[in-house]
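Q: Please see the structure below; I have some questions.
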Amino acid sequence: MGKTRFLNPGLIVRTALDMGDRDGADAMTMRRIAGELGCDPMALYRHFSNRDALLDAVADLALSEVADPDASLPWDQRIEATAAAFRGAAVQHPGITAHMAARPPLGEHGRRLAAGMLGALVAAGLPPAAAVRSFQALVAHLASSLAMAVQAGSRDRRWDQVRDMVNALPGAEAAGDELFVVGGDEQFRFGLRLLLAGIRAEAAAVRQP
């Protein structure tokens, strides 16, 4: 155990984020974080009620790197920029990616980004209820994308098997080679474009007399 330092929430959270960047999700235990700080694990509980509370704060620190998009951009471009930057920040910090997939951050920066996306949906012309449900759909896509990104692979033997299965389906016309690598950025962006197209259609339907 290293030399004990004066503990405060900011130091604990930054240390945990740096550990996760270096050693991955397996490093994100109270015991290992405490060891890095040179303190007893119980000392961490004086600042965070449990491990989830600490990791929530680590996730929000990762999101502090995500800037708000230009307010002059069209609503859909603001959402696309925010969602892509959110995902980018999450995957750049591998120690916290899976936690962010399971528990979308509700801290200061998570709320800031959520407010921006919800405001963009209202600007699209959606009434409040539809805007909230559309926001929920976007969060679900982000979360599932992050969960898959943790295990993102390559065009390996399993990908070949799925391709062959798709090619054998009626109407596929041997299009299996167009499959994305699961968990990759291309798959995420394609799904996001589909969601935004659906939101545009929903907004247009609302505007019709």
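Q: Taking the stretch 178-192 only, how many residues are surrounded by 11 or more Cβ atoms within 10 Å (Cβ to Cβ) and in a helix (DSSP H, G or I)? Talk me through it step by step, then tell me what you get.
A: Of all residues in the stretch 178-192, those surrounded by 11 or more Cβ atoms within 10 Å (Cβ to Cβ) come to 179-185, 187-192.
This time we only want the ones that are in a helix (DSSP H, G or I), so: 185, 187-192.
Final tally of qualifying residues: 7.
Q: Give the stretch 41-80 a look and list any residue that's modelled with pLDDT of 95 or more, charged (D, E, K, R) and in contact with a helix residue (DSSP H, G or I) (Cβ under 7 Å, 6 or more places away or on another chain), or say none.
A: Of everything in the stretch 41-80, those that are modelled with pLDDT of 95 or more, charged (D, E, K, R) and in contact with a helix residue (DSSP H, G or I) (Cβ under 7 Å, 6 or more places away or on another chain) turn out to be R51, D60, D68, D76, R78, E80.
Q: Restricting attention to helices (runs of 4 or more DSSP H) lying wholly within the stretch 1-59, give those where 2 or more residues are without any contact (Cβ under 8 Å) to a residue 24 or more places away in the chain and aliphatic (A, V, I, L, M).
A: Values: elements: 9-23, 30-37, 41-44.
Those helices (runs of 4 or more DSSP H) span 30-37.
Q: Tell me yes or no: at least one residue of the stretch 147-161 is under 22 Å from A90 (Cβ atoms), assigned to a helix (DSSP H, G or I) and free of Cβ contacts under 8 Å to residues at least 12 places away in the same chain.
A: Step one: list which residues in the stretch 147-161 are under 22 Å from A90 (Cβ atoms), which gives 147-154.
The next check asks that each one be assigned to a helix (DSSP H, G or I); those that pass are 147-150.
Filter once more, so that each one left must be free of Cβ contacts under 8 Å to residues at least 12 places away in the same chain: none.
The answer is no; no qualifying residue exists.
Q: Among the hydrophobic types (A, V, I, L, M, F, W, C) and at pLDDT 90 or above, is that true of A174?
A: Numbers: among the hydrophobic types (A, V, I, L, M, F, W, C): yes; at pLDDT 90 or above: no.
Spelling it out, it is not the case that A174 is among the hydrophobic types (A, V, I, L, M, F, W, C) and at pLDDT 90 or above.
The values are calculated or read from the model by the stated rules, or taken from the named source; none is laboratory data. Predicted model, so just to flag it, every value in this text is computed and none were measured. Cβ sites come from the backbone with ideal geometry, for glycine too, and all protein chains shown count toward neighbours.
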